[in-house]
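Report on one structure; see the data block that follows.
The values are calculated or read from the model by the stated rules, or taken from the named source; none is laboratory data. Note that the structure is predicted; figures quoted are calculated from it, not measured. Cβ coordinates were reconstructed from backbone atoms using ideal geometry, including for glycine residues, and neighbour counts include every protein chain displayed.
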Amino acid sequence: MTKTNTKTGEPIGWSDKPKDDPQVLELKAHLEDNNGIKGLQILGSNDVDEAVSLFLRDGFVVIGDVLNSEQIDLLASGCNDVINEVAVLDPDNHGNRGSHRYSFGGSSLTRSQLHRPAWQMLLDVPVLSKILTSIFGSTDYILRAASGDFCLPGAVDYQPLHSDVNDWFEGGKTPFSSFFDLRGQVCLRDLPVPYICANFLPQDVTPLNGATRQIPGTQNSRAKIPNLKEEPEWMKLSTVCPAPAGAMMLRDVRAWHGGTPNLSDATRAIPNLEFYAPWFREPLVPGISYQDYNKLSAHAQQLVRFSVMDSSEELVTGTTLRAP
């Protein structure tokens, strides 16, 4: 998958440092030799019980071969459409999640890519619904967003470790993904998983193309997340790779994770779907028109029922570097 200039068709990236920079070459050799979680398990689509067990233990799990070749091609094409539209807006690769890094949702006026067929297709992946139903203990979970991220070749820096949800605190920037116990006894990390991110791979993920680093077992940890200076080397190498195109990674969004350098020659994309537990809700922004909603399967309609635009209103879509 390659980000291309829509006028010339030539690959772009590598804006911060050249490929042959000595520090880049040293890091590349280090990642080739050491990057990746040792003994990473990639389960089959029938291993639902084991997938649930690993997810609850580690805060993430990888399932292979959930997409066939046609679905992989559709997803890769859909991602490339967005990537090329973003390229026009950001020719210097500044990114909206750090240099050379972008959020698919953060690049959409709707904060989501649910209006695109490639993301709609993911709603009906059979093994996804089986695992989510088992984890949540119900079929009444709903879609939060259809998003994900991509990083360009030449993303030479690590993204700091972070969690996608936090407890509420006074003066905070947003009430989203917030939990507050008046007694001060329970925090969000003590609860069952509030929402789950399902990442899908339209290309192989390797030690060199920006694999997600995931720190096992941190979904319930109250410890302070280390910054880049504090982070030990083993965490920087704790990446979910190698993983094949067509695989799916489920993440408890509370677990510590972050982006890693993409020292390859191609863009790495990991589009996602995000789901709220039946008991957890936040304000939602419409991401699909009523007309497109009616074209979905009954199962997909159930998932996106709170993300559909009213039939009397038009869904305004478009690409941006800063979602409203």
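Output the residues belonging to the range 96-110 that are part of a loop (DSSP other than H, G, I, E, B), surrounded by 22 or more Cβ atoms within 10 Å (Cβ to Cβ) and touching a strand residue (DSSP E or B) at 6+ places or on another chain (Cβ under 7 Å).
Going through the range 96-110, the residues part of a loop (DSSP other than H, G, I, E, B) turn out to be 96-100, 104, 109-110.
Right, trim to surrounded by 22 or more Cβ atoms within 10 Å (Cβ to Cβ) and you get 100, 104, 110.
Those that are part of a loop (DSSP other than H, G, I, E, B), surrounded by 22 or more Cβ atoms within 10 Å (Cβ to Cβ) and touching a strand residue (DSSP E or B) at 6+ places or on another chain (Cβ under 7 Å): H100, F104.
When the range 287-310 is examined, which residues are found to be in a loop (DSSP other than H, G, I, E, B), over 15 Å from T110 (Cβ atoms) and in contact (Cβ under 8 Å) with a residue 60 or more places away in the chain? So that I can check it myself, show each step before the final result.
Filtering the range 287-310 for residues in a loop (DSSP other than H, G, I, E, B) gives 287, 289, 294-297, 304-307, 309-310.
Now narrow it down to the ones that are over 15 Å from T110 (Cβ atoms): 294-297, 305.
Correct list: L296, S297, R305.
Per-residue answers, yes or no, for (1) among the hydrophobic types (A, V, I, L, M, F, W, C); (2) surrounded by fewer than 20 Cβ atoms within 10 Å (Cβ to Cβ):
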| residue | (1), (2) |
| --- | --- |
| R251 | no, no |
| L284 | yes, yes |
| L303 | yes, no |
| S311 | no, yes |
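Please go through the range 73-94 and pick out each residue that is small (G, A, S), buried (at least 16 other Cβ atoms within 10 Å of the Cβ) and either touching an Asp or Glu at 6+ places or on another chain (Cβ under 7 Å) or modelled with pLDDT of 95 or more (or both).
Of all residues in the range 73-94, those small (G, A, S) come to 76-78, 87.
The next check asks that each one be buried (at least 16 other Cβ atoms within 10 Å of the Cβ); those that pass are 76, 78, 87.
Hits for the range 73-94 are A76, G78.
Please tell me if R213 is among the basic types (K, R), closer than 30 Å to A300 by Cβ, surrounded by 21 or more Cβ atoms within 10 Å (Cβ to Cβ) and touching a Leu at 6+ places or on another chain (Cβ under 8 Å). Break it down into steps so the answer makes sense when it comes.
Details: among the basic types (K, R): yes; closer than 30 Å to A300 by Cβ: no; surrounded by 21 or more Cβ atoms within 10 Å (Cβ to Cβ): yes; touching a Leu at 6+ places or on another chain (Cβ under 8 Å): yes.
No, not satisfied.
Looking at the range 134-153, which of the residues that are of a type outside the set (A, V, I, L, M) and buried (at least 23 other Cβ atoms within 10 Å of the Cβ) is farthest from the chain's Cα centre (by Cα)?
Going residue by residue through the range 134-153, those that are of a type outside the set (A, V, I, L, M) are 134, 136-141, 144, 147-151, 153.
Within this subset, residues satisfying the condition of being buried (at least 23 other Cβ atoms within 10 Å of the Cβ) are 144, 147-151, 153.
Details: R144: 12, S147: 7, G148: 4, D149: 6, F150: 9, C151: 11, P153: 18 Å.
Among those that are of a type outside the set (A, V, I, L, M) and buried (at least 23 other Cβ atoms within 10 Å of the Cβ), it is P153.
If Y276 satisfies every condition in (1) farther than 30 Å from P207 by Cα; (2) in contact with a Gly (Cβ under 7 Å, 6 or more places away or on another chain) but one, which is the exception?
For Y276, the exception is condition (2).
Give me the pairs, please: first residue somewhere in the range 31-59 and surrounded by fewer than 18 Cβ atoms within 10 Å (Cβ to Cβ), second residue anywhere and of a type in the set (S, T, Y), beta-carbon distance under 8 Å, and either six or more positions apart or on two chains.
So the pair list comes out as V48/S134; D49/S134.
Going residue by residue through the range 265-277, is there one that turns out to be hydroxyl-bearing (S, T, Y), touching a Phe, Trp or Tyr at 6+ places or on another chain (Cβ under 6 Å) and part of a strand (DSSP E or B)?
Just the residues of the range 265-277 that are hydroxyl-bearing (S, T, Y), to begin with: 267, 276.
Subsequent filtering for residues that are touching a Phe, Trp or Tyr at 6+ places or on another chain (Cβ under 6 Å) retains 267, 276.
Then drop every residue that is not part of a strand (DSSP E or B), which leaves 276.
Yes, that holds for at least one residue.
Restricting to the range 19-30, and then to whatever is assigned to a loop (DSSP other than H, G, I, E, B) and surrounded by 10 or more Cβ atoms within 10 Å (Cβ to Cβ), can you tell me which residue is farthest from the chain's Cα centre (by Cα)? Step through it out loud before you land on a result.
Of all residues in the range 19-30, those assigned to a loop (DSSP other than H, G, I, E, B) come to 19-21.
With surrounded by 10 or more Cβ atoms within 10 Å (Cβ to Cβ) added as a condition, the list becomes 19, 21.
Values: K19: 26, D21: 29 Å.
This residue is D21.
Identify all residues within the range 121-145 that are in a helix (DSSP H, G or I), within 13 Å of P278 (Cβ to Cβ) and in contact with a Ser or Thr (Cβ under 9 Å, 6 or more places away or on another chain); write none if there are none.
L132, T133
Just to be sure before I move on: is E313 more than 20 Å from L75 (Cα to Cα), part of a loop (DSSP other than H, G, I, E, B) and either among the β-branched types (V, I, T) or in contact (Cβ under 8 Å) with a residue 60 or more places away in the chain (or both) in the structure I sent? Write out each step before concluding.
Working: more than 20 Å from L75 (Cα to Cα): yes; part of a loop (DSSP other than H, G, I, E, B): yes; either among the β-branched types (V, I, T) or in contact (Cβ under 8 Å) with a residue 60 or more places away in the chain (or both): no.
Taking the combined requirement at face value, the residue does not satisfy it.
If you check T212, T174, which single one turns out to be touching a Lys or Arg at 6+ places or on another chain (Cβ under 9 Å) and either polar (S, T, N, Q) or modelled with pLDDT under 95 (or both)?
Working: T174 fails: touching a Lys or Arg at 6+ places or on another chain (Cβ under 9 Å).
Every option except T212 fails the conditions.
For the range 212-242, how many residues meet the condition of being part of a loop (DSSP other than H, G, I, E, B) and among the charged types (D, E, K, R)? Outline the logic, then answer.
Initially, the range 212-242 is screened for residues part of a loop (DSSP other than H, G, I, E, B), giving 212, 215-232, 237-238, 240-242.
If we keep only those that are among the charged types (D, E, K, R) too, we end up with 222, 224, 229-231.
Matching residues across the range 212-242 total 5.
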